[in-house]
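The values are calculated or read from the model by the stated rules, or taken from the named source; none is laboratory data. Remember, predicted model here, so these are calculated numbers, not experimental data. Here Cβ is always computed from backbone atoms with ideal geometry, including for glycine, and neighbour counts include all displayed protein chains. Protein only, heavy atoms only, side chains kept; ligands, DNA and RNA dropped before computing areas. Shrake-Rupley method; radii C 1.70, N 1.55, O 1.52, S 1.80 Å.
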Amino acid sequence: MNPHRCGTIGIAGRPNTGKSSLLNRLVGEKLSIVSPKPQTTRHLVTGILTRDDCQYVFVDAPGQQSRSRSALHRTLNRRATQAARDADVALFVVEALRFGPEDAAVLDKIPHDQKILAVVNKIDVVKKHRDLIPFLDRLSKTRAFEAIVPVSALTGKNLPQLLEALRVALPEGPAVYPAEQLTDRDERFFAAELLREKLFQQMGEELPYRCEVVIDSFKEEGRLRRIEATILVERDSQKAIVVGAGGERLKKMASAARKDMEKLFGGKVYLGTWVKVRKSWTDDARVLRQLGYE
Ligand SMILES: Nc1nc2c(ncn2[C@@H]2O[C@H](COP(=O)(O)OP(=O)(O)OP(=O)(O)O)[C@@H](O)[C@H]2O)c(=O)[nH]1
Ligand SMILES: [Mg+2]
């Protein structure tokens, strides 16, 4: 019989490579928020997968980027490779056929003595699979990866192979979390994240980066969860856009977030939402500290 293994897997990569999608697909639950916009993820999110012979503790992280220079983005960049450096194994995620300077910059931040696997994601969009071979060959020359696994987080292709490659790279040892535990984050955290996801999915290009969600209260009344949330923005004009004409846009985002919460929590949710202006919060060290960005 295989020895039991257990360990942490820190995910890293440039923004938008599909790190959060991959974590969700591997764990089988939507724990980490996803959008087509870069740097959607802001917090380290743990997702736990327990199998008979292995417990995988995945940690998702923000994508590292070089464009924005706000205090918030500096913090996110610090977080970007933290999980990969601290974990038993780093999981470096790149997009199929796309390895550029931003990808190389992430790799540079992961020490050479760290055990590291590469995932080539989004192979479902590769038209000619033979194009992958020279790409994989070039990638293999950038670092001594334990393995390089081409996958699709969207279709689930090759994920069993990825789990097997990860299993053999993890240390032997007993499980550290109960088998039914999926994450180390609480419902309050997911409530804020799911609403923030709707801002990323439904608002224009720049605005989501000026928004943050704070949960003011989270109460369980019998089987109902009563949640009050505030969306922080930086200017009055942004508030008007988030709320929309007659409050329609905010209503639509809140309703989508509430449905996702009900699915994740397995029960009815009442969600009250407010929008408040907090001038330049993305560059205010004091506000960022209050919001949990050290
Ligand atoms: N076609 C395809 N799209 C994918 C796949 N995985 C993720 N995506 C899409 O890629 C976009 C980014 O996905 P995320 O999971 O948010 O990427 P991320 O790396 O976590 O991004 P940040 O948190 O911003 O760093 C979304 O639009 C996903 O739907 C895949 O395997 N195939
Ligand atoms: Mg993400």
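Taking the criterion of being out of contact with any Ser or Thr (no Cβ under 9 Å at 6 or more places or on another chain) and within 16 Å of ligand 2 (Cβ to nearest atom), the only residue of the stretch 47-66 that qualifies is 65. Selection of the stretch 1-12 for residues being more than 9 Å from ligand 2 (Cβ to nearest atom) and closer than 22 Å to residue 85 by Cα yields 5, 6, 7, 8, 9, 10, 12.
Yes/no matrix, rows are residues, columns are (1) assigned to a helix (DSSP H, G or I); (2) in contact with a strand residue (DSSP E or B) (Cβ under 7 Å, 6 or more places away or on another chain):
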position	(1), (2)
127	no, no
130	yes, no
144	no, no
157	no, no
176	no, yes
218	no, yes
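Going by the structure shown, is residue 80 farther than 25 Å from residue 167 by Cβ, within 14 Å of ligand 2 (Cβ to nearest atom) and surrounded by 20 or more Cβ atoms within 10 Å (Cβ to Cβ)? Criteria met by residue 80. Within the stretch 260-291, being without any contact (Cβ under 8 Å) to a residue 40 or more places away in the chain, open to solvent by 40 Å² or more (accessible area, probe 1.4 Å) and closer than 26 Å to residue 236 by Cα holds for 286, 289, 290. Just one of the numbered conditions (1) at pLDDT 95 or above; (2) more than 15 Å from residue 16 (Cβ to Cβ) is not true of residue 70: (1).
Scanning the stretch 13-46 for residues that are of a type in the set (A, V, I, L, M), outside any helix (DSSP H, G or I) and more than 9 Å from ligand 2 (Cβ to nearest atom) turns up 31, 44. Being surrounded by fewer than 19 Cβ atoms within 10 Å (Cβ to Cβ) and assigned to a helix (DSSP H, G or I) is a property that does not hold for residue 294.
With the condition kept exactly as written, say whether any residue in the stretch 83-93 is touching a Lys or Arg at 6+ places or on another chain (Cβ under 6 Å) and more than 11 Å from ligand 2 (Cβ to nearest atom). Yes, the stretch 83-93 contains a residue that is touching a Lys or Arg at 6+ places or on another chain (Cβ under 6 Å) and more than 11 Å from ligand 2 (Cβ to nearest atom).
Step by step: first the residues of the stretch 38-77, then only those that are within 11 Å of ligand 1 (Cβ to nearest atom), open to solvent by less than 20 Å² (accessible area, probe 1.4 Å) and more than 10 Å from the chain's Cα centre (by Cα), then the one that is nearest to residue 100 (Cα to Cα). Which residue is that? That would be 64.
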